[in-house]
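Each remark here refers to the structure printed beneath this line.
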Amino acid sequence: MDKVIYTESEMSLIDPKPGTAAAAARDFGINLSLTVSNLRLTPEERIRRLDELRDRELADLPEDLDRGLADLLELEAILEYRRLSGTTDE
């Protein structure tokens with residue numbers, strides 16, 4: 001398996017500063033390196049991958065995890081990342 005090389009902006013999402021939306025998502029249990037790998041995909045690829053992985057991901061979450069809150073925290077981290085890095089979907 002090849003070693004993944006992250007950009008500086010991707011690292012700011014994976015290893016966020018305290019007080020950021022990304023830090024809140026990470027502290028809640030969101031694996032932000034998976035978020036970054038998904039952001040590297042096109043929107044169509046993300047939807048396809050989500051369809052394939054959703055049931056397995058849900059099975060891996062702790063039972064007491066509020067999935068809706070986890071999704072919201074991840075989305076806030078993505079929006080923060082996009083704002084700081086200047087990236088958008090094409």
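The values are calculated or read from the model by the stated rules, or taken from the named source; none is laboratory data. In this text the structure is predicted, and so the values were computed from the model without any measurement. Because the Cβ atoms are built from the backbone with ideal geometry, glycine has one as well, and the counts that use them run over all protein chains shown.
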Problem set entry | Any pair with Cβ under 7 angstrom, 6 or more apart, that starts in region 27-42 at a residue that is more than 13 Å from ILE78 (Cβ to Cβ) and ends at one that is surrounded by 13 or more Cβ atoms within 10 Å (Cβ to Cβ) and small (Gly, Ala, Ser) | PHE28/ALA70; GLY29/ALA70
For this session: Pull up region 55-89, narrow it to residues that are among the hydrophobic types (A, V, I, L, M, F, W, C) and outside any helix (DSSP H, G or I), then point me to the one that is modelled with the highest pLDDT.
Result: LEU65
Seminar exercise, completed: Filtering region 1-39 down to residues that are out of contact with any helix residue (DSSP H, G or I) (no Cβ under 8 Å at 6 or more places or on another chain), modelled with pLDDT of 90 or more and of a type outside the set (S, T, N, Q) yields ILE5, GLU8, MET11, ASP15, PRO18, GLY19, ALA23, ASP27
For this session: Would you mind listing the helices (runs of 4 or more DSSP H) fully within region 1-54 where at least 2 residues are β-branched (Val, Ile, Thr) and out of contact with any Lys or Arg (no Cβ under 8 Å at 6 or more places or on another chain)?
Result: 32-39
